[in-house]
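Input: a single structure, listed below in structure tokens.
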Amino acid sequence: MYFLLVIPILIVIGALYCYRKDASFNGLDRDEHPLFMMYPLAAVIYDLICKQKKEEVFGNTDVLREIYVDEQPAVSQRKQGCKCIASILAVIGLTFLVCFAYVSSRESVLYEKNCIKRNEAGGGTADYSLVMESDLSDSREMKIRVSERELTGEKLEKLKADAQDYLDRYLFPKNESAECVRGKLNLISAIPGTSVSVRWPDDNSWFLSTDGTIKNKDYEEPVSAALHAELTYFDETWEYEREIMIYPPLVSETDIFNEKLDKALSEADEKSRTDEYYELPVKVGDNEISWNEEKDNTLNIILFLGFVAAGIVLPAMKQDIKKKQKLRTEQMMQDYPDIISKFVMLITAGMTCRGAWNKICSDYLKKKEREENGTSARSGKKRKKNFRYAYEEMLISDREMQLGIPEIKVYERFGTRCSVAAYNRFGTLLGRNIKRGSAGIIDILESESKESFAERRENVRKKGEETGTKLLLPMFGMLILVIAIVVVPAFSSFNF
């Protein structure tokens, strides 16, 4: 057992000895290097490893140089190596110490190779796992059950007397004494701290129930009875007998009142069986009675839930607005490449910016009207599908231009209303075209179109990745279910 302490002691001695000889590691950051006292010993081992040209095992030199830019690469490498070696030594030493503590605390079961110590009287039966080896069979693990030490002679007689005293003390918890028994008895089945069991025979049944209740409801005078029990300790059995005096049960005023009330309720029910109403008694003996309905808190609960729901409405609406705003932005970004490409095509064909704008808006209106007329029965659902925020904003701008608002101002207001960076950039670009002329506008718009299509593809890819991530959990659950369906029947067919 003590050989387990050899390694920890050698590590401690080596660390103290080397620390006294080499104090160059004293200035290290204690938070980053908590085992700095072991670094001198670790440095000795590190130098041995360096001779074998294996120092790269503790970390790449280039990476360490990037991390510790204010140190020489060799110094950083040495500190990292010492840190790793010191940690390994600490873990090894701690492991041996834990093993020593475990072995020290673990009590040996066998004495003199083939003896097991019994528990003392009252300690109960103990189970041990031992390995049996024989010339006739292979070694196998066996469960050995060892009963507690049995008492004999004077110790046994003292145990009997103690068991009798225990029954005398704890048999009558709800009674004054054995000479005045009115309530339930505590029928003890075993004496705590011993192996003595107690059995209550049937000859007590004429005055005692199996749960200890005294059958004295009909008694008017005290009755004497002999209480019997049979105590057993291993092969030893002896009798317990105690004379008790059973008295009629004590009846309180509350019990009398409850009995009269039950009787009055029964009589009232008998008298009014043919009547429409059942009249409750208002007086029992000398006691006045008032009847009230049980309080119903349903109304209060409904009111409380109503106020809570009212308080939740506003945050819920705000959250819904945010959700819709997000969906609007996503839809507008989805339509942006199409709008730009259409605009480029129309301008390239010779149209002005205003003409191209008006053409895109009119095409959208025609498509919208055609789809709505074709499915008028589902106009609510189709509006969600056909209603495109970007085109609707363009329609507003088109109407503004028809009303005489300057084209530059219309484009700027369009970008501001959309509140999306891409459309704001598009409106600014068109306004600049009106101010400075159309030179280079086609090239700029084509470049914008290519970027917008690339951005849309990237957004689609991200959406796909997000959807795939959300599906991982249900897919993992289905995998577990399939494994269970396959594995459980297979294991249940084995006979263990």
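Observations on the model:
- A Förster distance of 22 Å, applied to the separation of the beta-carbon atoms of Phe257 and Thr213, puts the FRET efficiency at 0.40.
- Inter-label distance, nm, simple model (7 Å from Cα along the C-beta direction), Lys450/Ile92: 6.3
- FRET efficiency estimate (nearest 0.05) - Cβ-Cβ, Arg118 to Leu10, R0 51 angstrom: 0.75
- Reach of Lys53 by Cα under 28 Å, taken over lysines that are not fewer than 8 positions away in the same chain: Lys21, Lys79, Lys83
- Here the peptides 476-482, 99-105 are ranked by packing, the mean other Cβ count within 10 Å, and the order with the highest first is 99-105, 476-482.
- A straight chain from Lys462 to Val131 at 0.36 nm per residue would run longer than the Cα-Cα distance by 113.0 nm.
- Among 91-98, 460-467, 442-449, the order from most to least packed when residues are scored by Cβ within 10 Å on average: 442-449, 91-98, 460-467
- Computed on region 327-476, with alpha-carbon pairs under 8 angstrom and 6+ residues apart, the relative contact order is 28 percent.
- Taking other residues whose beta carbon is less than 15 angstrom from the beta carbon of Lys155, and scoring Lys, Arg as +1 and Asp, Glu as -1, yields -3.
- Each peptide in 425-433, 355-363, 450-458 was scored by the mean count of other Cβ atoms within 10 Å over its residues; highest first, the order is 425-433, 355-363, 450-458.
- Straight-line reach from Lys271: taking Cα to Cα under 19 Å and skipping same-chain neighbours fewer than 8 places apart, the lysines in range are Lys260, Lys263, Lys283.
- Net lengthening on full extension, Met37/Asp235 (0.36 nm per residue, minus Cα-Cα): 64.6 nm
- Using a cutoff of 8 angstrom between alpha carbon atoms and counting only pairs six or more residues apart, the relative contact order for region 169-277 works out to 24 percent.
- Between region 195-269 and region 139-192, the Cα center-to-center distance that results, in Å: 21
- Over 29 Å between alpha carbons, listed pairs Lys322/Lys359; Lys368/Lys435; Lys342/Lys435: Lys322/Lys359; Lys368/Lys435
Where a number appears in this text, it was derived from the coordinates with a stated rule and is not lab data. Just so we're clear, the structure is a prediction, and the values are computed from it rather than from any experiment. Ideal geometry is used to build each Cβ from the backbone, glycine not excepted, and the neighbour counts take in all protein chains shown.
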